[in-house]
Amino acid sequence: MRTVVLLGPPGSGKGTLAGRLATATKLRHLSTGDILRDEVARDTELGRKAKVHMDRGELVPDGLILDMVRGRIGGEDVLLDGFPRTLAQAEGLAEITPVGAVLYLELTRDEVVRRLSARRVCRDCGENYNLLTQPPATAGRCDRCGGELYQRPDDVPEVIARRYDVYEKDSAPLVEHYESKGVLKRLDGAAPPEHVYAQALKALGHAQA
Ligand code: AMP
């Protein structure tokens with residue numbers, strides 16, 4: 001197994017898919033969004049620099065992201081979620097590790113806005129919920145660990161719209177980039193999580209676990 005990249009607009013289900021795929025493929029899951037939120041929570045220098053961009057729904061500068069990722073990959077194969085997001089990041093990644101497959105989760109803008117507005121995340125374990133399609137058993141509490149559910153500050157309508165625009169401008173060109181390299185696999189991001197997972201395993205040549 002080579003490094004696998006999950007590509008797709010915000011809210012297309014990359015995080016949900018990554019959790020399950022990491023177990024099946026034994027690849028280490030690396031989410032740049034999760035790492036950045038942790039840096040912000042710990043009020044590190046990187047966290048302070050990143051927060052300004054994150055709060056606006058804009059991308060954190062490529063140099064900061066590449067330094068952060070370089071220090072965390074170290075030559076091994078990984079499952080990348082939320083990275084690369086620009087062509088410059090893709091070029092930087094190619095120097096760190098070869099990319100074996102890119103799973104592209106396709107989803108329309110309307111569906112992105114609908115999903116993200118209803119997303120809630122556990123403050124303790126990071127589990128994702130959706131108030132419309134996958135609500136917790138007890139309002140405001142995580143089914144898995146009982147932690148408090150919160151709405152990410154960038155999951156509010158104005159910031160969601162901005163994030164989608166940024167995705168279209170900076171990240172959508174990666175589809176063509178990886179297609180031309182022959183590693184892109186398209187998945188229907190609008191399908192239920194179970195089906196997306198099955199499509200992903202098939203695309204990677206894995207039997208259903
Ligand atoms: P995510 O959790 O993947 O939606 O990321 C949340 C926010 O973190 C994004 O809106 C960006 O501000 C920032 N971010 C995460 N990954 C990257 C990346 N690869 N490049 C630049 N900014 C990023």
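Taking every DSSP beta bridge that has both ends in the chain, the antiparallel portion is near 30%. Dipole check for the chain: with +1 at the C-beta of Lys and Arg, -1 at the C-beta of Asp and Glu, and the Cα centre as origin, the magnitude is about 380 Debye.
I need the calculated FRET efficiency for the pair Val175 and Lys26, taking r as the beta carbon distance and R₀ as 25 Å, to the nearest 0.05. That pair, Val175 with Lys26, gives E of 0.40.
3J(HN,Hα) along the range 172-185: 4, x, 5, 4, 5, 4, 7, 5, 5, 8, x, 10, 7, 10 Hz, from the Karplus curve 6.51 cos²θ - 1.76 cosθ + 1.60 with θ = phi - 60°, whole Hz, x for Gly and Pro.
Each principal axis of the Cα atoms in the chain has its own extent, and those three values, largest first, are 44, 42, 30 angstrom. Taking R0 as 45 Å, what's the FRET efficiency between Glu106 and Asp43 from their Cβ-Cβ distance, rounded to 0.05? Using R0 = 45 Å, I get an efficiency of 0.75.
Applying the criteria of a DSSP loop state and at most 11 other Cβ atoms within 10 Å to the trypsin sites (Lys or Arg not before Pro) of the range 1-44 yields Lys26, Arg42. For the range 22-33, the Karplus equation 6.51 cos²θ - 1.76 cosθ + 1.60, evaluated at θ = phi - 60°, returns couplings of 4, 5, 5, 9, 6, 7, 6, 7, 10, 10, 5, x Hz by residue, with Gly and Pro reported as x. Working from Cα pairs under 8 Å separated by at least six residues, relative contact order for the range 1-110 is 50 percent. Placing a label point 7 Å from the Cα of Asp188 along the Cα-to-Cβ direction, the residues of the range 104-120 whose backbone N falls under 12 Å from that point are 106. Per-residue 3J(HN,Hα) values for the range 70-86, derived from phi via the Karplus relation 6.51 cos²θ - 1.76 cosθ + 1.60 with θ = phi - 60°, read 4, x, 10, 9, x, x, 7, 6, 9, 10, 9, 10, x, 8, x, 10, 9 Hz in sequence order (x marks Gly and Pro). Of all aspartates and glutamates in the structure, the ones whose alpha carbon falls short of 18 Å from that of Lys26, not counting any fewer than 8 places away in one chain, are Glu76, Asp77, Asp81. Computed with every protein chain present, the accessible area of Lys49 is close to 100 Å² [probe 1.4 Å].
Straight-line cross-link reach from Lys169 at under 30 Å between alpha-carbon atoms covers these lysines, not counting any fewer than eight positions away in the same chain: Lys14, Lys49, Lys51, Lys181, Lys185, Lys202.
The values are calculated or read from the model by the stated rules, or taken from the named source; none is laboratory data. Because the structure is a prediction, the values reported are computed rather than measured. Note: ideal-geometry Cβ built from the backbone for every residue, glycine included; neighbour counts use all protein chains shown. These accessible areas exclude ligands, DNA and RNA; they are computed on the full protein's heavy atoms, side chains included. Shrake-Rupley method; radii C 1.70, N 1.55, O 1.52, S 1.80 Å.
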